[in-house]
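Below is one structure, written out as structure tokens; the observations come after it.
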Amino acid sequence: MMRDSIYILPLGEIEWEILEEVKKEITAVFQFPVKVLPNLSNPAYAFEPKRGQYYSTKILKELISKLPDDGVKILGITEVDLCTPVLTFVFGEAHLEGCAAVISLARLHQEYYDLPSNKPLLLNRAVKEAIHELGHTFGLVHCRDNQCVMSFSPNCLGIDQKQVGFCSVCQGILARRLSLPRPPAEKSGETSLQGDGPIARCRRTFLLFFLTDGGFVKPRQKPIAASSRKGVQWNES
Ligand SMILES: [Zn+2]
Ligand SMILES: [Zn+2]
């Protein structure tokens, strides 16, 4: 079977308007048919009681198993707050050149920061994060151009600063990956990526690299015995 669709899998209840907007923008950017799967419940299997958050890497593993036969990528969208063992939170995580990506809407809501609700801003942030994480699955890494959607965003300010679109370099790389005609690029001389499109690559990326966005490195939970590490203080959180 031809794998030619990008799937969106809502994990928990996700507003219809958000799913529609993300679907529309992903379709435009990646040029694949995009389908929304029936929603599953919140990813309880990834819950970490000590932190009251959910481990994003566990969700990615689960997402791979949910990829339909005609799927080339799967994007999980959840309202629960995500983290990794070392990061305080993540907006999303993806397998570099893999099939799965996940984003969390939890910290994209203005209400999270005790600010008035702002639906257009929420939609805009969700679209950027969805494109960013899917961009990783197409092999794009973090971009130094802070206007580019592939730039790393440590917080919402960073997300709001960047555009929905790619810079010309990232766009050029993506176009090659998607085997679309390249847009006029300002720079040339990138490594050739031909001959192994995203579809062929899917499901045989065994060496997985994970890329996360957002968050800060978490202080260590357990301080080393004071006697052995004199003068070092750990912030308990
Ligand atoms: Zn870029
Ligand atoms: Zn990223």
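State whether one or more residues within the range 12-22 are assigned to a strand (DSSP E or B), touching a Leu at 6+ places or on another chain (Cβ under 9 Å), farther than 17 Å from residue 127 by Cβ and not polar (S, T, N, Q). No, the range 12-22 contains no residue that is assigned to a strand (DSSP E or B), touching a Leu at 6+ places or on another chain (Cβ under 9 Å), farther than 17 Å from residue 127 by Cβ and not polar (S, T, N, Q). From (1) crowded, with 19+ Cβ neighbours inside 10 Å; (2) farther than 20 Å from residue 211 by Cβ; (3) free of Cβ contacts under 8 Å to residues at least 40 places away in the same chain, pick out the condition that doesn't hold for residue 44. Residue 44 satisfies all of (1) crowded, with 19+ Cβ neighbours inside 10 Å; (2) farther than 20 Å from residue 211 by Cβ; (3) free of Cβ contacts under 8 Å to residues at least 40 places away in the same chain except (1). Hey, among the residues in the range 136-174 that are farther than 14 Å from residue 124 by Cα, aliphatic (A, V, I, L, M) and over 13 Å from the mean Cα position of the chain (by Cα), which one's surrounded by the fewest Cβ atoms within 10 Å (Cβ to Cβ)? So the residue we want is 169. The criterion of at least 2 residues that are under 17 Å from residue 19 (Cβ atoms) is met by the following strands (runs of 3 or more DSSP E) wholly inside the range 64-181: 71-78, 100-104.
With the condition kept exactly as written, say whether any residue in the range 213-224 is in contact with a helix residue (DSSP H, G or I) (Cβ under 8 Å, 6 or more places away or on another chain), modelled with pLDDT of 50 or more and closer than 30 Å to residue 67 by Cα. Within the range 213-224 (the criterion being in contact with a helix residue (DSSP H, G or I) (Cβ under 8 Å, 6 or more places away or on another chain), modelled with pLDDT of 50 or more and closer than 30 Å to residue 67 by Cα), the answer is yes, since at least one residue qualifies. Given the structure, is residue 51 of a type in the set (Lys, Arg) and within 24 Å of residue 138 (Cβ to Cβ)? Against the criterion (of a type in the set (Lys, Arg) and within 24 Å of residue 138 (Cβ to Cβ)), residue 51 does not qualify. Scanning the range 23-42 for residues that are over 21 Å from residue 128 (Cβ atoms) and either of a type in the set (Phe, Trp, Tyr) or not in a strand (DSSP E or B) (or both) yields 33, 37, 38, 39, 41, 42.
The values are calculated or read from the model by the stated rules, or taken from the named source; none is laboratory data. Since the model is a prediction, treat every value here as computed from it, not as a measurement. Virtual Cβ from ideal backbone geometry, glycine too; neighbours counted across all protein chains shown.
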